[in-house]
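Data first, discussion second: the structure below is written as structure tokens.
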Amino acid sequence: MRAWACVWQWGIVMIQTGIVGYGLAGRLFHAYLVSRTEGLQLTAVASRDPERRAQARRDWSVDTHETLTDLLADDGIRLVILATPHHTHASLAIEAMEAGRHVVVDKVMCMSAAEAEEMIAVSRRRGVMLSVFHNRRWDWGYLTVRKAIEDGLLGDPFLVERAVHRFRASRGWRTSRADSGGLLYDWGAHLVDQGLQLLAGRPAAVHCKGHKRVWEGDIEDHVNCTLYFETGAEYRMEISNLSHISKPHWYVLGTRGSLVKTGLDPQEDWMKKGRIEDAVEAPEDRVRVAAERDGSVEEMILDPVKGSWEDYYRNIAAVLADGAELAIQPHEMLALMKVLDAATESLETGRVVSMS
């Protein structure tokens, strides 16, 4: 992996970084996390919206551009972050990589496995890094559930249920299936990624069903989707914009125990305050386990395994500066896109779709 030394700051090689898109993801997530990452320097933002360009200049004193093409005219920028609507990810990533830039794409990677394969091929041919921002691999709940399973507290997990519930409409381009892909390409992408990381083996089949009931736009308002793994385990996801009362975020059954966790990860709320390092999990949202031990059932509340979303960009900086191993690998994202392809087919046809 080639690393470009662009700027030296206090003896540290700084990789000049540009962000394309300055909506919620570009502003709140990527710009904030890059600004806290040693080795990365945010130097440019591209947005078609003049008000957002002005805001980026106020926020970070960076150069601003209208398009990715304009941003790429700056030879100093070596890392490009795409925080744009989902349907633009493949074409913009390919443009940036063909220009010799490393690329981070906000989740979801793209709109299909075919697009993912093309992106990966360009990355390999051009010898540049390609990664996808899956910050929720560092969610406290996910890490705590993973540790509980790895420690054998539950025995062999055979059913994992996930729920992300709220009562509100999706906004802007996310209401368009052609632009966004729907709920499974938003929160669903995170849930699929965590399931593929958590459960052994590969998914053999996918079955999904959606409901369109209330909100404007042509995406579903509620969707549930089950991944059937070759091992016999099931991973059930339910994402709803129509829920006034939420289900637990995690519910896991194993051969020796059960687990439940309520509440989303606390880092986003604290990041909005500019203090992600101060994140605190509400005591009532901690992971609860009931498991067999020494012939009886023991109930316990687990201390959270505290990941940090900052670790994503720390890894990117280490990859570019030192050749470290990439935490979010393109082949993992291709596997995720194959699941989403099957899930989309199942939503459209109502059938169980084989992945073998």
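Worth a mention:
- Highest-MSF residue in the chain out of GLU281, GLU298, GLU150 [GNM, Cα springs under 10 Å]: GLU298
- The GNM of the chain, with springs linking C-alpha atoms under 10 angstrom apart, assigns the highest mean-square fluctuation among SER240, SER296, SER176 to SER296.
- Helix-only mean residue ellipticity at 222 nm for the chain, each DSSP H run of n ≥ 4 adding -39500 (n - 2.57), per residue, nearest 500: -9000 deg cm²/dmol
- Accessible area of the range 289-349 belonging to carbon and sulfur atoms, whole % at 1.4 Å probe: 45
- R0 of 45 Å, Cβ-Cβ distance ARG171-VAL297: FRET efficiency to nearest 0.05: 0.50
- For ALA324 and GLU51, the difference between the fully extended length at 0.36 nm per residue and the C-alpha to C-alpha distance is 94.5 nm.
- For the pair GLU98 and TRP270, the difference between a 0.36 nm per residue extended length and the Cα-Cα distance amounts to 58.2 nm.
- Crossing angle, helix 187-198 versus the chain [Cα axis fit, 0-90 degrees, rounded to tens]: 70
- For the range 52-187, carbon and sulfur atoms together expose 45% of the accessible surface, with a 1.4 angstrom probe and every protein chain in place.
- Spacing of the two label points (7 Å from each Cα toward its C-beta) at SER246 and ALA121, in nm: 4.2
- Summarising the label geometry, the points placed 7 Å from Cα in the beta-carbon direction at SER354 and HIS331 lie 2.5 nm from one another.
- Probing with 1.4 Å while keeping every protein chain in the model, the per residue accessible area of the range 120-173 equals 41 Å².
- Degrees, to the nearest 10: 310-322 long Cα axis against longest axis of the chain: 50
- Residues of the range 241-314: accessible area per residue with a 1.4 Å probe, Å²: 57
- Per-atom-type breakdown for the range 215-287 gives carbon and sulfur 49% of the accessible area (1.4 Å probe, protein chains only).
- GNM flexibility winner over the chain from THR344, THR69, THR17 (Cα, springs under 10 Å): THR69
- Subtracting the Cα-Cα distance of ARG36 and ASP75 from their residue separation scaled by 0.36 nm leaves 11.7 nm.
The values are calculated or read from the model by the stated rules, or taken from the named source; none is laboratory data. Note that the structure is predicted; figures quoted are calculated from it, not measured. Positions of Cβ are backbone-derived with ideal geometry, glycine not excepted, and every protein chain shown enters the neighbour counts. We work out accessible area using only protein heavy atoms, side chains counted, and drop any ligands, DNA or RNA first. Shrake-Rupley method; radii C 1.70, N 1.55, O 1.52, S 1.80 Å.
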